[in-house]
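The values are calculated or read from the model by the stated rules, or taken from the named source; none is laboratory data. All of these numbers come straight from a predicted model, not from anything done at the bench. Here the Cβ positions follow ideal geometry from the backbone for every residue, glycine too, while neighbour counts run over all protein chains shown.
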Amino acid sequence: MKLFRVFALFATRLSGVFFSALCVATTTMLGLPAAVAAPASNQAAAAEPLLMGFQFGLAAENQQSLHVIGQTLSELVGSSLNRKVIWTADFTLRAAQSTLGGKPYAFAFVKPPNLTASLLAKGWQLVVSGKDTLHFGTDLIAQPCPQQRGKILVGGSTMSILGLPPTMPQRCIDPAEVWTSASAVLLAPQAGSLVDQVAQKLWREHSPRLPAIVHVKTQNAVTGLMRDMHVAAIGVVTPVVSKQWLAEGGVLLQHQPMPMWAVLAAPDVPAETVSKVRAALLGPESAQANKALGLAGWEVGSPRAYADFLKWLNG
């Protein structure tokens, strides 16, 4: 009986070796590489990571919050495709047309609508748009005039803080008069930024002459100078920042909505891949990413909205 068990064990092992050899011989005869015989899940795990670019615009969030957004959203995209996704910040149109370490970008998360419009014009595909984002955009804010309800304060000696003549007269004016007031000054972040461009476009819709424009580094610097140094300028910020300004008694002069956040896929990304990512962003599995973004959710969206915005901005 003992001898029989030993023989059976030997036969089992021998049959296993024979079966493995048979598999190798079969794939060799058919001319197939060994990877073809591997399970699909193993192939996906071994595939090259995808690259996803992020452009946060003039973000008011801190670096830690931006890191959480990038990590959470890229993991959601990767999970929908069973692929590793590596994300990078400061994504631009030039970066979209080049490669990072020889690897092209497959996806992008973009806040500024002018960049989204430019990418769409280059053949990128709109995966989804942010839902209910029209309350984002660009805001023009002003100082309230003391003792004159409904009017705003412009000019005055505090203009010297901005490097302007301190002799610019300080006046309390009706908001409708600001577009032609000699005392009006635009205080904007980062020359050439989207909010800077939108502010100038808005001004030209009211007056052919632009006022003096002073640029500072950040949106917080704009409201800091207006609040703490009592600079009576017309501030240029996003609603994320103006919300606090209004809560402190400041004035909202004008709000310009725009089609905001979008997730895009590169021109050569297959339609099936785009569909999988879109389904994940539209589905309940996006809840954690949406919370990190402070976003109500996503919708299919329309490329036309971004094209129309760029046409208005450049018109």
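Within the stretch 211-245, can you find the residues that are part of a loop (DSSP other than H, G, I, E, B) and out of contact with any Ser or Thr (no Cβ under 7 Å at 6 or more places or on another chain)?
In the first step, residues of the stretch 211-245 are kept if they are part of a loop (DSSP other than H, G, I, E, B); the result is 211, 217-218, 229-233, 238.
Listed by number, the residues that qualify are PRO211, LYS217, THR218, ALA233.
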message: From the list GLN244, GLN190, GLN170, exactly one residue is surrounded by fewer than 19 Cβ atoms within 10 Å (Cβ to Cβ), assigned by TED's automatic domain parsing to the domain that holds GLY156 and on the phi > 0 side of the Ramachandran plot. Which is it?
response: GLN190
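Could you tell me whether any residue of the stretch 266-279 is hydroxyl-bearing (Ser, Thr, Tyr) and free of Cβ contacts under 8 Å to residues at least 40 places away in the same chain?
Yes - at least one qualifying residue is present in the stretch 266-279.
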- prompt: Within the stretch 286-315, restricting attention to residues that are in a helix (DSSP H, G or I) and under 15 Å from ILE69 (Cα atoms), which residue is nearest to the chain's Cα centre (by Cα)?
  reply: LEU293
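Can VAL214 be described as touching an Asp or Glu at 6+ places or on another chain (Cβ under 7 Å), touching a residue at least 40 places away in the same chain (Cβ under 8 Å) and of a type outside the set (Lys, Arg)? Please lay out each step first, then the result.
Details: touching an Asp or Glu at 6+ places or on another chain (Cβ under 7 Å): no; touching a residue at least 40 places away in the same chain (Cβ under 8 Å): yes; of a type outside the set (Lys, Arg): yes.
Criteria not met by VAL214.
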task: Go over the candidates LEU225, LEU252, LEU210, LEU202 one by one and state the one that is closer than 29 Å to PRO169 by Cα, loosely packed, with under 14 Cβ neighbours inside 10 Å and in the same structural domain as ASP174 (by TED's automatic domain parsing).
output: LEU210
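Of all residues in the stretch 287-315, how many are aromatic (Phe, Trp, Tyr) and surrounded by fewer than 17 Cβ atoms within 10 Å (Cβ to Cβ)? Reasoning before the result, please.
Here is the first cut: in the stretch 287-315, the residues aromatic (Phe, Trp, Tyr) are 298, 306, 309, 312.
Those left that are additionally surrounded by fewer than 17 Cβ atoms within 10 Å (Cβ to Cβ): 312.
Of the residues in the stretch 287-315, 1 are aromatic (Phe, Trp, Tyr) and surrounded by fewer than 17 Cβ atoms within 10 Å (Cβ to Cβ).
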field: Residues (surrounded by fewer than 20 Cβ atoms within 10 Å (Cβ to Cβ) and not β-branched (Val, Ile, Thr)) located in the stretch 82-92
entry: ASN82, ARG83, LYS84, ALA89, ASP90
- prompt: Condition test on ALA117, is it surrounded by 21 or more Cβ atoms within 10 Å (Cβ to Cβ), touching a helix residue (DSSP H, G or I) at 6+ places or on another chain (Cβ under 9 Å), in a helix (DSSP H, G or I) and at pLDDT 95 or above?
  reply: yes
- request: Go through the residues of the stretch 191-207 one by one and say whether even a single one is within 22 Å of the chain's Cα centre (by Cα), farther than 17 Å from ALA232 by Cβ, outside any helix (DSSP H, G or I) and touching a residue at least 60 places away in the same chain (Cβ under 8 Å).
  value: yes
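Does ALA95 satisfy the condition of being surrounded by fewer than 18 Cβ atoms within 10 Å (Cβ to Cβ), aliphatic (A, V, I, L, M), in contact (Cβ under 8 Å) with a residue 40 or more places away in the chain and in contact with a strand residue (DSSP E or B) (Cβ under 7 Å, 6 or more places away or on another chain)? Break it down stepwise before answering.
Details: surrounded by fewer than 18 Cβ atoms within 10 Å (Cβ to Cβ): yes; aliphatic (A, V, I, L, M): yes; in contact (Cβ under 8 Å) with a residue 40 or more places away in the chain: yes; in contact with a strand residue (DSSP E or B) (Cβ under 7 Å, 6 or more places away or on another chain): yes.
Here the answer is yes, as ALA95 does meet what is asked.
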message: It is to be established whether one or more residues within the stretch 85-95 are part of a helix (DSSP H, G or I), modelled with pLDDT of 80 or more, within 30 Å of GLY294 (Cα to Cα) and aliphatic (A, V, I, L, M).
response: yes
Matching residues, the stretch 156-180, being in a loop (DSSP other than H, G, I, E, B) and either in contact with a Gly (Cβ under 7 Å, 6 or more places away or on another chain) or at pLDDT 95 or above (or both): MET168, PRO169, GLN170, ASP174
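Might you let me know whether the stretch 260-268 holds any residue that is of a type in the set (Asp, Glu) and either in the same structural domain as SER118 (by TED's automatic domain parsing) or more than 29 Å from VAL68 (Cβ to Cβ) (or both)? Spell out the reasoning first.
Taking the stretch 260-268 as the starting set, the residues that turn out to be of a type in the set (Asp, Glu) are 268.
Now drop any that are not either in the same structural domain as SER118 (by TED's automatic domain parsing) or more than 29 Å from VAL68 (Cβ to Cβ) (or both), which leaves 268.
Within the stretch 260-268, one or more residues are of a type in the set (Asp, Glu) and either in the same structural domain as SER118 (by TED's automatic domain parsing) or more than 29 Å from VAL68 (Cβ to Cβ) (or both).
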